[in-house]
Amino acid sequence: MKKIIVWFRKDLRIHDHAALFEAAQQGCIIPVFIWPSEQEFEYADSIAAKWSLHQSLISLRQNLAAKGIPLIIRKGNIQKELLQLIKETSADAVFYNRCYEPFMVQSLFEIEIQLSKSKIEVQSFHGNLLYQQFNILNKNHEPYKVFTSYWKRTMQEHVSTPYAIPKMTSTLATLPASLEIHELQLLSTNSLESRLDQHWEIGEQEAISHWTEFLEYGLNKYERYKDFPSAQATSLLSPYLVWGNISVKSIWHSIQSHEIQGPSTETFLRQLVWRDFAYDQLIHFPTMPIKPLREAYNTFPWEGSSSDFNKWKLGQTGYPLVDAGMRELLATGYMHNRVRMVVASFLVKHLLVPWTEGSKWFTQKLIDFDVANNAMGWQWTTGCGIDSAPFFRIFNPVAQGKRFDPNGDYVRQWIPELKNLPQKFIHKPWEASQEILALAHLELGKDYPFPIVEHNFARKRALQAYNLIKKA
Ligand SMILES: Cc1cc2nc3c(=O)[nH]c(=O)nc-3n(C[C@H](O)[C@H](O)[C@H](O)COP(=O)(O)OP(=O)(O)OC[C@H]3O[C@@H](n4cnc5c(N)ncnc54)[C@H](O)[C@@H]3O)c2cc1C
């Protein structure tokens, strides 16, 4: 019987797993997860993402063990570890689902050459996105640059039917060496971790029951409330999609076959397609996480100070909506999408700190850190990406607060020092009189900062900077 290594990466599940399913049909399987040295370096400070990976591996190992299959865990150079495992197990083939992180794509190229030299069969499968990106090109056979056109084009494509959980066999008499999950040292002693435990339960079963509940009770309210951070009306699926606890194709099909269809359905599906669009960009422009897609932005006159950057990180800018978002991130590893846009815009446009710095902070703190979505989000907000927000649209954090957190519930949740302020001043405490501040037990400059930059001044300064690159 053929021995097939199933190489797990960002697809830590057993449902709708193309490589696992096909391998199980063709032979006996040897599942392996390798924590690559490159990723270990890149994720050195990514406490939340690594915590989530740790939980996802526990879940995958349990699910495979329940089928009688042990998960082999390794770390180090991917090529070396794979070749070593092939030698130890006399495997005939390696099957995997495609991933699109630039370092993965690069190392795969070399691995496939090595494996074919050793006469090892290699098969890759479409698995972690809705569509096969290389098929989604415009009439000129180029990648799409506008989301609406991309969305319309994807509507003509079929999302392949999810795979069932396969029957699996393993015939290995002696098990190859495996690390214990804790030996990957994904957990740190940072206090964020204990808070992550309180907010998230990560794993395949958890992802499926979380999704089933949202589909049943949350989806119909999505369209109406998704932009209001205190409404908790979004799916919170992103932490489960990152390591593939749940398959995006299964989500798509369960929506399509759900009896209730309405405006929320299409809006939600569009969001999932934004995720594909982000990967489409990453595939075609692999430097996207570090370089602006619009070249003119290479010479953008950033002048932000490290002191302002630190205040932003800690939620001490004096703008309540921005600070609430940054504190939510520190406390939970998550931030609502609307607030992500506001805090990112504030960093880049009000403080003139490079978007790459903000993106690095998100890489470290987000439980749903995703290289494609994060890069697209930052480039979109900065205005240097494909189909991005025009630079002259500069979010006013007070106006955004009034519109999307009208009662100030979100601000009060994350900034307890402002909890007694009347609604009228919750997004602009500096306009409250001394009397009102005293009644709210708030001393500005002591309990909560004054704004670190004045909005109109910041807006003008940002537009001047923008004009400089427009002229260049
Ligand atoms: C500056 C910035 C950085 C971001 N960084 C990340 C990141 O590292 N990881 C990440 O998953 N998302 C990122 N996003 C996109 C978005 O904020 C999150 O996907 C969303 O908040 C996740 O919450 P949810 O699952 O409840 O979303 P829902 O609204 O319920 O959407 C469902 C799913 O659709 C996808 N989706 C939704 N909005 C977007 C979007 N704008 N772009 C791409 N996919 C989307 C996600 O996979 C999400 O889980 C970023 C956005 C910005 C503006």
What helices (runs of 4 or more DSSP H), lying completely within region 173-285, carry at least 1 residues that are more than 15 Å from the chain's Cα centre (by Cα)? 191-199, 204-213, 219-225, 248-256, 263-284
Working only within region 337-370, note down all residues that are near the ligand (Cβ under 6 Å from one of its atoms) and closer than 22 Å to Asn456 by Cβ. Met341, Ala344
Looking at region 266-286, I want the residues that are open to solvent by 30 Å² or more (accessible area, probe 1.4 Å) and have a partner that is charged (D, E, K, R) and more than 10 Å from the ligand (Cβ to nearest atom) with Cβ atoms under 9 Å, at least 6 apart or on another chain. Which pairs are those? Glu266/Glu223; His284/Glu142; Phe285/Lys291; Pro286/Glu101
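Does region 146-157 contain at least one residue that is at pLDDT 90 or above and in contact with a Ser or Thr (Cβ under 9 Å, 6 or more places away or on another chain)?
In the first step, residues of region 146-157 are kept if they are at pLDDT 90 or above; the result is 146-157.
In the following step, the residues that additionally are in contact with a Ser or Thr (Cβ under 9 Å, 6 or more places away or on another chain) were identified as none.
Checked region 146-157: no residue is at pLDDT 90 or above and in contact with a Ser or Thr (Cβ under 9 Å, 6 or more places away or on another chain).
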Do we have any residue at all in region 174-196 that's modelled with pLDDT under 95 and of a type in the set (D, E, K, R)? yes
Could you run through region 423-452 and say how many residues are surrounded by fewer than 19 Cβ atoms within 10 Å (Cβ to Cβ) and either of a type in the set (A, V, I, L, M) or not assigned by TED's automatic domain parsing to the domain that holds Gly318 (or both)? 4
How many residues, within region 1-30, are surrounded by 23 or more Cβ atoms within 10 Å (Cβ to Cβ) and among the acidic types (Asp, Glu)? 2
Quick one: in region 302-323, of everything that is part of a loop (DSSP other than H, G, I, E, B) and open to solvent by 40 Å² or more (accessible area, probe 1.4 Å), which residue is nearest to Pro451 (Cα to Cα)? Gln316
From the list Ile283, Ile290, which one is away from the ligand (no atom under 14 Å from the Cβ) and under 18 Å from Ser359 (Cβ atoms)? Ile290
Hey, among Tyr240, Tyr225, which residue is hydroxyl-bearing (Ser, Thr, Tyr) and in contact (Cβ under 8 Å) with a residue 12 or more places away in the chain? Tyr240
Those residues that are among the small types (Gly, Ala, Ser), over 20 Å from Pro229 (Cβ atoms), more than 15 Å from the chain's Cα centre (by Cα) and surrounded by 22 or more Cβ atoms within 10 Å (Cβ to Cβ), I need them from region 369-407; list them, please. Gly383, Gly385
Would you mention how many residues in region 371-417 are at positive phi and either away from the ligand (no atom under 12 Å from the Cβ) or in the same structural domain as Gly244 (by TED's automatic domain parsing) (or both)? 2
Got a number for residues in region 201-225 being open to solvent by less than 50 Å² (accessible area, probe 1.4 Å) and within 12 Å of the ligand (Cβ to nearest atom)? 7
What do you reckon, is Ile78 open to solvent by less than 10 Å² (accessible area, probe 1.4 Å), more than 24 Å from Leu366 (Cα to Cα) and not hydroxyl-bearing (Ser, Thr, Tyr)? yes
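Considering only residues of region 106-126 that are in a loop (DSSP other than H, G, I, E, B) and modelled with pLDDT of 90 or more, which is most open to solvent (accessible area, probe 1.4 Å)?
Lys119
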If we keep just the residues of region 255-265 that are surrounded by fewer than 17 Cβ atoms within 10 Å (Cβ to Cβ) and under 27 Å from Ile165 (Cβ atoms), which is farthest from the ligand (Cβ to nearest atom)? Glu259
Would you mind stating whether Thr148 is surrounded by fewer than 11 Cβ atoms within 10 Å (Cβ to Cβ), under 17 Å from Ile386 (Cβ atoms) and under 24 Å from the mean Cα position of the chain (by Cα)? yes
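The values are calculated or read from the model by the stated rules, or taken from the named source; none is laboratory data. All values derive from a computational prediction rather than experimental measurement. Don't worry about glycine lacking a Cβ; one is built from the backbone with ideal geometry, like all the others, and counts go over all protein chains shown. We work out accessible area using only protein heavy atoms, side chains counted, and drop any ligands, DNA or RNA first. Shrake-Rupley method; radii C 1.70, N 1.55, O 1.52, S 1.80 Å.
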